[in-house]
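Novice: Quick one: structure below, then a few questions.
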Amino acid sequence: MSRTLLDAVLVALAEPTRRQLLDLLADRGEASASTLAGALPVTRQAVVKHLAVLDDAGLVSGRRVGREVLYRTRPERLAEAARDLSELATAWESRLATIKRLAEEGDRP
């Protein structure tokens, strides 16, 4: 995943309402913006805006069924972001271990 896509995923997940939307979609499988708005204390228009952010990040996708758009989660994008974060954590742990080793070597007489 590119840094731009990872950034989009992190921005999308930073907002509690968007995380709630993902949870609702994970539980329901598919749902319209109207259905999702009925389960949250926000308007349908707010839900649509949040879904657009999630869609831009690749975390949800929508398909038109008649006059409605039904949204579903895309768990593969979340799994991809988790792998990238794990790789970043490993890289930082290595860097921190090197810093610790160098600091300890500097303390020796």
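Novice: Is there a residue in the stretch 96-105 that is in contact (Cβ under 8 Å) with a residue 40 or more places away in the chain and either among the small types (Gly, Ala, Ser) or in contact with a Gly (Cβ under 7 Å, 6 or more places away or on another chain) (or both)? Let's see the steps before the verdict.
Specialist: Kept after step one, since they are in contact (Cβ under 8 Å) with a residue 40 or more places away in the chain, are these residues of the stretch 96-105: none.
The answer is no; no qualifying residue exists.
Novice: Any residue at all in the stretch 74-86 that's in contact with a Ser or Thr (Cβ under 6 Å, 6 or more places away or on another chain), under 22 Å from ALA14 (Cβ atoms), open to solvent by 50 Å² or more (accessible area, probe 1.4 Å) and not in a helix (DSSP H, G or I)?
Specialist: Filtering the stretch 74-86 down to residues in contact with a Ser or Thr (Cβ under 6 Å, 6 or more places away or on another chain) leaves 74.
Filter once more, so that each one left must be under 22 Å from ALA14 (Cβ atoms): 74.
Now drop any that are not open to solvent by 50 Å² or more (accessible area, probe 1.4 Å), which leaves 74.
Right, trim to not in a helix (DSSP H, G or I) and you get 74.
Checked against the condition, which is being in contact with a Ser or Thr (Cβ under 6 Å, 6 or more places away or on another chain), under 22 Å from ALA14 (Cβ atoms), open to solvent by 50 Å² or more (accessible area, probe 1.4 Å) and not in a helix (DSSP H, G or I), the stretch 74-86 yields at least one hit.
Novice: Going through the stretch 30-52 one residue at a time, which ones are part of a helix (DSSP H, G or I) and closer than 20 Å to GLU76 by Cα? Lay out the reasoning, then the answer.
Specialist: To start, the set of residues in the stretch 30-52 that are part of a helix (DSSP H, G or I) comprises 33-38, 44-52.
Of everything in the stretch 30-52, those that are part of a helix (DSSP H, G or I) and closer than 20 Å to GLU76 by Cα turn out to be HIS50, LEU51, ALA52.
Novice: If only one of ASP27, ASP55, ASP7 is among the charged types (D, E, K, R), surrounded by fewer than 15 Cβ atoms within 10 Å (Cβ to Cβ), part of a helix (DSSP H, G or I) and at pLDDT 95 or above, which one is it?
Specialist: Values: ASP55 fails: surrounded by fewer than 15 Cβ atoms within 10 Å (Cβ to Cβ); ASP7 fails: at pLDDT 95 or above.
After ruling out the rest, the residue left standing is ASP27.
The values are calculated or read from the model by the stated rules, or taken from the named source; none is laboratory data. All figures in this text were calculated on a predicted structure; none of them were measured in a lab. Here Cβ is always computed from backbone atoms with ideal geometry, including for glycine, and neighbour counts include all displayed protein chains. These area figures cover heavy atoms from the full protein model, side chains too; ligands, DNA and RNA do not enter into them. Shrake-Rupley method; radii C 1.70, N 1.55, O 1.52, S 1.80 Å.
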